[in-house]
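Below you'll find the structure, written out as structure tokens, and then a few comments.
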Amino acid sequence: MSKAPRALRLPPELEAQAEALARSRGHTFSTVMRDALREHLDRERQLDEMAALERRLVGSMTRVMKDVRIVRNDVHLTMAFINTLAESYLLHTPPLPDEAVDVAAASATDRYRKFLKRVVSNLQGGEGLWSELQNELDVDAGTEA
């Protein structure tokens, strides 16, 4: 460690406070000044690290926001697809005669359960809505037994 002397000019009141602090702690004036400089440099390093962290966080949040926009667009596309499919089905499927409604409903319920089982079986590690669908299938299976 270099022991090169440095000239340090302080306002008289600051120098008096530093001298008093050094005496009260049993340190030299130089020790107090070195400690103060170290603390200052450490705070500056921490500020630089926080600024770098903030830049990384902004980058991460920007990527997340981009991903959210993509997902939102996908949801809107899916909703438009389902709407078009439902509209097409309803426009092109004639209503059933009253005497066929019960048989058609039973058949539709069975086909729907098979459809849900297929959807769930095609997912890998699904959560959320897919877990709810699986739970619904389990409940339906319990009521049929």
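Pick from ALA100, ALA52: which is within 23 Å of the chain's Cα centre (by Cα) and aliphatic (A, V, I, L, M)?
Checking each option against the conditions leaves just ALA52.
Just to check your reading of the model, which residue among ARG63, ARG118, ARG38 is modelled with pLDDT of 90 or more, among the basic types (Lys, Arg) and more than 30 Å from ALA16 (Cα to Cα)?
After applying the criteria, what remains is ARG63.
Between a first residue in the stretch 5-18 that is on the phi < 0 side of the Ramachandran plot and a second residue that is in a helix (DSSP H, G or I) and surrounded by 13 or more Cβ atoms within 10 Å (Cβ to Cβ), which pairs have beta carbons less than 6 Å apart while being 6 or more apart in sequence or on different chains?
Correct list of pairs: ALA18/VAL32.
Residues to consider are SER24, SER30; find the one that is part of a helix (DSSP H, G or I) and exposed (fewer than 10 other Cβ atoms within 10 Å of the Cβ).
From the options SER24, SER30, the qualifying one is SER24.
Of the numbered conditions (1) surrounded by 10 or more Cβ atoms within 10 Å (Cβ to Cβ); (2) of a type outside the set (Asp, Glu); (3) at pLDDT 90 or above, THR78 fails exactly one; give the number of that condition.
(3) is the only condition that THR78 fails.
If LEU90 satisfies all but one of (1) loosely packed, with under 10 Cβ neighbours inside 10 Å; (2) at pLDDT 95 or above, what's the number of the condition it fails?
(2)
For the stretch 7-21: of the residues being in contact with a helix residue (DSSP H, G or I) (Cβ under 8 Å, 6 or more places away or on another chain) and assigned to a loop (DSSP other than H, G, I, E, B), which is modelled with the lowest pLDDT?
This residue is LEU8.
The values are calculated or read from the model by the stated rules, or taken from the named source; none is laboratory data. Nothing here was measured: the structure is a model prediction, and the numbers come from that model. Virtual Cβ from ideal backbone geometry, glycine too; neighbours counted across all protein chains shown.
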